[in-house]
Amino acid sequence: MIATKGYAAMNAGEQLTEWNFERRAVGPNDVQFDIQYCGVCHSDLHQIRNDWFPGIFPMVPGHEIVGRVIAVGENVSKFKLGDLVGTGCMVDSCGDCSSCKHGEEQYCENGSVSTYNGLNKYTDGMPTYGGYSKTIVVKEDFVLNVPENLPLSGVAPLLCAGITTYSPLRHWKVGKGHKLAVLGLGGLGHMAVKFGVAFGAEVTVLSTSENKREDAMKLGAHQFVVTKDEAQFNAVKDSFDFILDTVSAPHDIAAYMGLLKTNGVHICVGVPSEPSVIPAFALIGNRKSLAGSMIGGIEETQEMLDFCGENNIVSEVEVIDMAYIDKAYERMEKNDVKYRFVIDMATL
Ligand code: NAP
Ligand code: ZN
């Protein structure tokens with residue numbers, strides 16, 4: 001076993017504290033890397049609070065992890081000591097089902113294993129612990145190559161916020177000629193704007209925060225709508241081909257669907273703690289679709305990282321000390337994130 005330390009919530013809803021724990025020893029197919037940066041996702045906060053389902057505690061959150069390889073198992077062929085690597089939201093899957101065989105491990109029919117708040121059900125059955133820590137051991141197949149030409153703190157959020165927005169935009173082939181609305185300008189939302197613009201779509205940000213207008217335009221958005229302003233909201237009715245919904249809190253999806261054109265698609269990636277009620281009329285009137293998407297497969301995550309390397313795309317980050325984490329969560333709850341907190345792991 002490998003002794004390490006991290007920041008953990010010892011029980012649901014509690015503040016995080018320093019915690020000493022052990023990782024598994026590096027197995028023949030494992031890569032160990034020392035963590036330099038870890039992004040702070042709203043999913044971390046949801047899971048610490050049991051917003052979705054009862055969690056496994058102590059919980060070490062963090063699934064936007066980057067650092068350098070310090071050990072490799074004897075069968076590892078893709079990585080060597082010193083390589084810059086990353087791990088996102090998954091660390092294992094069955095490898096056998098049709099989803100896994102199609103490179104969509106996130107939809108593994110037998111269940112993928114989350115980077116934290118999960119159990120290593122295909123190996124030792126032990127709980128997984130995430131990236132708010134010094135070092136991590138991950139099966140080679142779930143380790144990504146990180147481009148060397150990008151600022152590393154801005155790369156960390158690509159492992160979740162990046163792939164979670166890249167994947168649906170690719171799946172629905174969003175690009176030139178499409179009008180894309182990004183609902184919510186936070187960690188996921190700001191990456192959706194960058195990718196939407198890079199893919200050639202006309203991008204509108206739908207936000208509750210008037211003070212994000214200037215940033216949205218700097219990110220490349222073509223239009224900014226304050227959704228609380230009735231006149232601004234009504235002015236964009238029936239106008240979008242796609243809405244990428246990144247909102248973390250309960251909201252009226254049906255109302256936003258009124259902004260879609262005929263055949264428009266509302267894609268949920270945000271996961272509020274409460275379910276939404278969607279009247280059939282929100283869908284049938286103009287043959288609209290309500291869809292969802294969860295992170296992305298390993299192959300597509302690598303494709304996204306390479307795309308970011310080639311196009312100089314990174315997340316806009318506020319680098320924080322480990323000890324600032326509870327304050328960061330507080331600010332996240334108030335939509336005061338510009339646009340991703342990333343922990344400098346040297347401060348742990
Ligand atoms: P975040 O940085 O906190 O951003 C969420 C944004 O939603 C806020 O900045 C705010 O933007 C908007 N918002 C918040 N409350 C709202 C409300 N009541 N009504 C309308 N808009 C509201 O969070 P994040 O890290 O991007 O994560 C967003 C959601 O995606 C979370 O639920 C997270 O768990 C989920 N997630 C899903 C996946 C997946 O695989 N599908 C992956 C990662 C995360 P404005 O200030 O612009 O209004
Ligand atoms: Zn995440």
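The values are calculated or read from the model by the stated rules, or taken from the named source; none is laboratory data. If you're wondering where the values come from, they're calculated on a predicted model, not measured in any experiment. Cβ: placed from backbone, ideal geometry, glycine included. Neighbour counts: every protein chain shown. Note: areas computed on protein heavy atoms with side chains; ligands, DNA, RNA excluded. Shrake-Rupley method; radii C 1.70, N 1.55, O 1.52, S 1.80 Å.
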Taking the solvent-accessible surface of protein heavy atoms with a 1.4 Å probe, what is the per residue accessible area of the chain in Å²?
42
Within-15-Å neighbourhood charge of Gly187 [Cβ basis; K, R +1; D, E -1]:
-2
Derived scalar couplings ³J(HN,Hα) [the range 297-314; Karplus, 6.51 cos²θ - 1.76 cosθ + 1.60; whole Hz; x for Gly, Pro]:
x, 5, 4, 6, 5, 5, 4, 5, 4, 5, 4, 5, x, 6, 10, 6, 9, 9
Expressed in nm to one decimal, what extension gain is obtained for the pair Ser276 and Asn11 from 0.36 nm per residue of sequence separation less their Cα-Cα distance?
92.6 nm
Sort 246-255, 280-289 by packing, meaning the average of other beta carbons within 10 Å per residue, with the highest value first.
246-255, 280-289
Quick check: pseudo-label points 7 Å beyond the Cα along Cα→Cβ at Leu81 and Phe57, how many nm apart are they?
4.1
Rounded to the nearest 500, what is the chain's calculated 222 nm mean residue ellipticity when only DSSP H runs of at least 4 contribute -39500 (n - 2.57) each, over all residues?
-6000 deg cm²/dmol
Round to a whole angstrom and tell me the spacing of the C-alpha centers of the range 122-161 and the range 218-258.
33
Name the long-range amide H neighbours of Ser293: under 5 Å, sequence gap of 5 or more, or other chain; modelled H, no Pro or chain starts.
Cys268
Full extension from Met1 to Lys334: what is 0.36 nm times the residue separation minus their Cα-Cα distance, to one decimal in nm?
115.9 nm
Skipping prolines and chain starts, which residues have an amide H placed within reach, meaning under 5 Å, of the one on Tyr37, given they are 5 or more residues away or on another chain?
Val66, Met345
So for the chain, Kirkwood radius off the Cα pairs, Stokes-Einstein at 37 °C and 0.692 mPa s: how many µm² s⁻¹?
160
Which distance in Å, rounded to a whole number, links the C-alpha centroids of the range 307-348 and the range 1-70?
16
Amide H to amide H under 5 Å from Asp83: which residues, 5+ apart in sequence or cross-chain, H placed 1.01 Å off N in plane?
Val69
Considering the Cα positions of the range 32-95, please state its Rg to one decimal place and its Dmax as a whole number of Å.
14.3, 40
Top mean-square fluctuation among Lys80, Lys194, Lys134, Gaussian network model of the chain, C-alpha springs under 10 Å?
Lys80
Among Glu310, Glu230, Glu214, which one shows the biggest mean-square fluctuation in a GNM of the chain, springs joining Cα atoms closer than 10 Å?
Glu230
What does the charge count near Cys94 come to, summing +1 for each Lys or Arg and -1 for each Asp or Glu among other residues with Cβ under 15 Å from its Cβ?
-3
Highest-fluctuation residue, Asp141, Asp306, Asp124 considered, GNM on the chain with Cα pairs under 10 Å:
Asp124
May I ask you to derive the relative contact order of the chain, considering only C-alpha pairs under 8 Å and at least 6 residues apart, and to give it as an integer percent?
18
Listed residues Ala282, Ile253, Ala221: farthest to the positive end of the dipole of the range 185-316 (Cβ charges)
Ala282
Give a residue-ordered list of calculated ³J(HN,Hα) values for the range 258-265 (Karplus: 6.51 cos²θ - 1.76 cosθ + 1.60, θ = phi - 60°; whole Hz; x for Gly, Pro).
x, 8, 7, 6, 4, 6, x, 10
Descending accessible area (1.4 Å probe), largest on the left, turns Val277, Val197, Val146 into Val277, Val197, Val146
Percent of accessible area on the chain owned by carbon and sulfur, 1.4 Å probe?
49
Counting each pair of different Cα atoms once, what's the Kirkwood radius of the range 162-292 in Å, rounded to one decimal?
14.4
Averaging sequence separations of C-alpha pairs under 8 Å and six or more residues apart, then dividing by the length of the range 162-292, give the relative contact order as a whole percent.
21
